[in-house]
1. Considering only residues that are open to solvent by 40 Å² or more (accessible area, probe 1.4 Å) and part of a loop (DSSP other than H, G, I, E, B), look in the stretch B:230-283 and name the one that is nearest to the other protein chains (Cβ to nearest Cβ).
2. Please give the number of the condition A:Asp89 fails out of (1) over 23 Å from A:Tyr288 (Cα atoms); (2) within 9 Å of chain B (Cβ to nearest Cβ).
3. Going by the structure shown, is B:Tyr191 among the aromatic types (Phe, Trp, Tyr) and either within 12 Å of chain A (Cβ to nearest Cβ) or within 30 Å of A:Gly58 (Cα to Cα) (or both)?
4. Among strands (runs of 3 or more DSSP E) lying entirely in the stretch B:351-451, which contain 2 or more residues that are closer than 19 Å to B:Pro251 by Cα?
5. Facing another protein chain (nearest Cβ under 7 Å), of a type outside the set (Lys, Arg), under 18 Å from A:Arg93 (Cβ atoms) and outside any helix (DSSP H, G or I), is that true of A:Gly306?
6. Pull out all pairs, ordered by first then second residue, where Cβ-Cβ is under 8 Å, the residues are six or more apart or on different chains, the first lies in the stretch A:106-118 and is facing chain B (nearest Cβ under 9 Å) and open to solvent by 30 Å² or more (accessible area, probe 1.4 Å), and the second is of a type in the set (S, T, N, Q) and not in a helix (DSSP H, G or I).
7. Could you look through the stretch A:195-210, keep only residues that are over 21 Å from A:Thr267 (Cβ atoms) and open to solvent by 10 Å² or more (accessible area, probe 1.4 Å), and pick out the one that is modelled with the lowest pLDDT?
8. Could you please find all residues in the stretch B:456-481 being free of Cβ contacts under 8 Å to residues at least 24 places away in the same chain and either more than 15 Å from B:Leu210 (Cα to Cα) or among the charged types (D, E, K, R) (or both)?
Amino acid sequence: MDSGYDDSLPGECLRKPDWKQLKLYGVGDPVAMFSSDSSCLSSRGRVSKWFWDSAEEGYRTYHMDEYDEDKNPSGIINLGTSENKLCFDLLSRRLTQNDMLHVEPSLLQYPDWRGHLFLREEVAKFLSFYCKSPAPLKPENVVVLNGCASLFSALATVLCEAGEALLIPTPYYGAITQHVYLYGNVRLAYVYLESEGVKVKGLILINPQNPLGDIYSPEELQEFLGFAMRHQLHVIMDEVYMLSVFEESLGYRSVLSLERLPDPQRTHVMWATSKDFGMSGLRFGILYTENQHVATAVASLCRYHGLSGLVQHQMAQLLRDHDWISQVYLPENHARLKAAHTYVSEELRALGIPFVSRGAGFFIWVDLRKFLPRGTFEEEGLLWRQFLDNKVLLSCGKTFECKEPGWFRVVFSDKENRLRLGMQRVRQVLERQPQVVEEASPCHTQEPSTQPI
Amino acid sequence: MELKEEGCPIGSSLSDSGTIVAVTEDECRLEGQGAEKSSTKKVFQTLQRKVLELQRVLMDHFFRMTSQRVQSLSPEDQQRPQGSWKWIKRMGFLMSRMANLIWAEATKELKFKEPLPRSDPRCDIKAGQQALSSWQPDQPGPRLGGFEAVFVSHVLSRRGTGICDLYRANFQSYEAYQRDKYHKEKNPMGYINLGTSENKLCLDLIKERLSQRDMNQIEEDLLQYSDWQGQPFLRKELASFLTCYCRAPTPLDPEKVVVLNGCSSVFSSLAMVLCDPGDAFLIPTPCYSGFAFSSCLYSKVELIPVHLESQPLSIAHVLQADSSFSQLTMDILELTLTQAKMKEKKVKGLVLVNPQNPLGEVYTRSMMKEYLAFAKKHNLHVIVDEIYMLSVFDASVTFHSVLNIKHLPDPNKTHMIWGTSKDFGISGFRFGVLYTHNKEVASAMRAFGYLHGVSGITQFKLCQLLQDREWIDQLYLPTNHSRLRKAYLYVAKRLEKLKVPFFNGGSGLYVWIDLRAYLSPCTFDQEQILCQCFQDNKLLLSRGRAYMCKEPGWFRLIFAGDQLQVKVALDRFCQVLKEHKKDPRLKQLEPAIAT
């Protein structure tokens, strides 16, 4: 990689002096920064370490000092990591039922690397039903991996050459940068299709969107897919929040429900249980693609991204249980999400803070621009740190490659007591802040200035 | 269409020392031209070139036509190009089959082995394949015809296509086995797999243990994102487990433990953080084939073989059904390193597998210390893979873990890998662990935890399993060892009866067998043919070539399979050898006749 990328990157990236080198060209060449290091790591090893040390700073601090009602009441409350902690009671009850405790030799031995057939069959049925696909989906189009991170990595590796790019609307879930870079050496391009020498191979769409909680209408989807087809781009549809749409009226439509895809051979759908079933620690993700070449290529990497046969069995049992999912889990989960969402949005309104949230996902995109006197990313970072010092972890806009400083993501899918304490800590920090001009629009439907596409 | 690239590396070949050498397209052509000695060769070459040329022209034409049509189509008409696409693909495929056939005939008839002259890099899927799988370039397989390859590479990136082919070349027979497994009643004609190293002797014990109540607990943090280095409770347990079973002089530190989903992932990530693309590791060979696969799939690290020599084939050792390999000595290590340095290889480390796979040998403590000292002297990392450490079934053999050594010459560059796949026969668990004294390495590895994470539920079960020392010591290990011994003795007896020399140093799940006597001439091509004969008889074995063995004729056979299956497999094995010995020349001709 060379520094030739400097000129080719969209302008907004250049306004981030401290992160420029790494966050983006990291994706090109952070090596220079570490070359003086006398360590025994390879240069790419140093990049991995850098990813770990910096990008995960808040998360690590949190893990060293986790809040616990009894044991560590002054520990950190995590409103930064997008996890659904509302339905553990339901899940643990379901996962400890007798059908889950099944052990047979084939589950203990090397599997079909695409995933056990029984699981792929269940996934196909599950997706056909819950995505309302016009025709039944096929098990041979399913590949099972240990989570969506691996899937991003694998797709980037098999679809792109090193140094090529995938297009992504910002703000977006920032960890993808790391996923596609570590093995794949693939960059993310934020806005432009072809930016001087960087070849764009595909488009990543997250629906429902993270962090905006937005939903694409079928018309919008068709438009994006048509755009991708015209430019011969792959579309990676990340629908990891598809069952976490708690406002029924939104009418969410999966890409798999569309009657006709413009370019089915270049449309790849990913889903996982991390969000919709609140089991991020389970490491289970799937790819659905009609393109057998892509499926086979991803499966070729599955030796390195496999998950235990016993867990595969449990997942098949879980996904098969439509009664439980439709009658017990989903209604309860949505009700709890809605209640938590209502609580946090009311808190924010009371604080006079504008925010964006449309009834899907686990988060609210909060506009704290008025607390940054000069409106810089340094100030955003400082504010973030103040939250952390006050023992509440949030995600700042920069990690989502948001164009302008001052946006934060607040995760609300947590238990009431933690949520209350977390919001209280947020309030304490904000009350200490000098405010700039009071903008008279504390309206929750405000559009962020960074529009997807 | 951006596919045309001049002078890019399109192929590679195995040089004498077994290292990978890239060959450029132009070189191929030059070599091809230089070898045109007889006029017959010339005719074939010209003919082939013409066919390839024709193929290219057709392809260009179709491409232009189809892309024009696709662009001008209204959305309603989108089904149609799908149909014609298929048709075009089929035609292209047939064309390239033709070209390949002509070439195959030419090489067979005229016994010349120049690389294929290629008119268009687009046709060149095989090049990618060879570049990646160059340790076994003679592996046949349903390779894609040139034309189909174009379509694949149109969707996939070049490396994606390469990965696909590499996988296909390595796991084609494994997938055939997955589709058609032997079953006593339901599928008595199915494949028996004595190629994949799995211990199936103690499934009853494991199944019973894993079905106990304590395994089915779920706590909140098991379902949530955790420490990417591994759940703290599991790392703590692993530190204490390894301290105990590796007899570490001082308690091991959970902070130096990294948990990932399998030892391949551990090795791959470790190679990522220790090496840059093109760097190299020394590895004594024959060695486990997975290293070659792992090192070129993601990390692009070159493996430089340190060849261990076998005894020359003699009547005496055929009669005794006994065989042996030279030991790994300082001399051979120094020599290989010097040679590698002369070729300007950047050697970053030494990979040792202890107990050895496929030889089943255990390094003595003093040998291990010597290797470590050698590595320190040359500033090399040492990766010691001890995945078979609890599978030493010969009571007279004592295993010494590298973690048992009190004063490591270079602790910061010594890394140990272990997993439960072999020792506990649970390869389906997808779990591997790295113990490194180097915290920087541990922390760089964590970034890969994202991509190689293990389910919290699995981590919990592993922890429960590993902390049940009473069950492990009193029940599992003694039973496992006695069953391994019994299974080994059975296979040994059958091989002795067949007068097939074999080798096993008292550990592991396999014997390394010497079938050099069944190859005439003793070439890797013949080895491949023999391997195919086994496969035709629904028996999977691993062949020496995949283990970077220096000389043809060696196979690895797993004895730790289901008792009945091993018996049936050995019957099939006998059958193949009988036929093979009867008339090797006739056999040799069969594939030619079949095509």
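The values are calculated or read from the model by the stated rules, or taken from the named source; none is laboratory data. Keep in mind it's a predicted model, so treat the numbers as computed, not measured. Ideal geometry is used to build each Cβ from the backbone, glycine not excepted, and the neighbour counts take in all protein chains shown. Side chains included, ligands, DNA and RNA excluded: accessible areas come from the protein's heavy atoms. Shrake-Rupley method; radii C 1.70, N 1.55, O 1.52, S 1.80 Å.
1. Of everything passing the filter in the stretch B:230-283, B:Pro277 is nearest to the other protein chains (Cβ to nearest Cβ).
2. The one condition A:Asp89 does not meet is (2).
3. For B:Tyr191, the condition - among the aromatic types (Phe, Trp, Tyr) and either within 12 Å of chain A (Cβ to nearest Cβ) or within 30 Å of A:Gly58 (Cα to Cα) (or both) - is not met.
4. Those strands (runs of 3 or more DSSP E) span B:414-419, B:432-436.
5. no
6. Pairs found: A:Tyr110/B:Thr196.
7. Ranking the candidates gives A:Ser195 first.
8. The answer is B:Glu470, B:Asp473, B:Gln474, B:Pro478.
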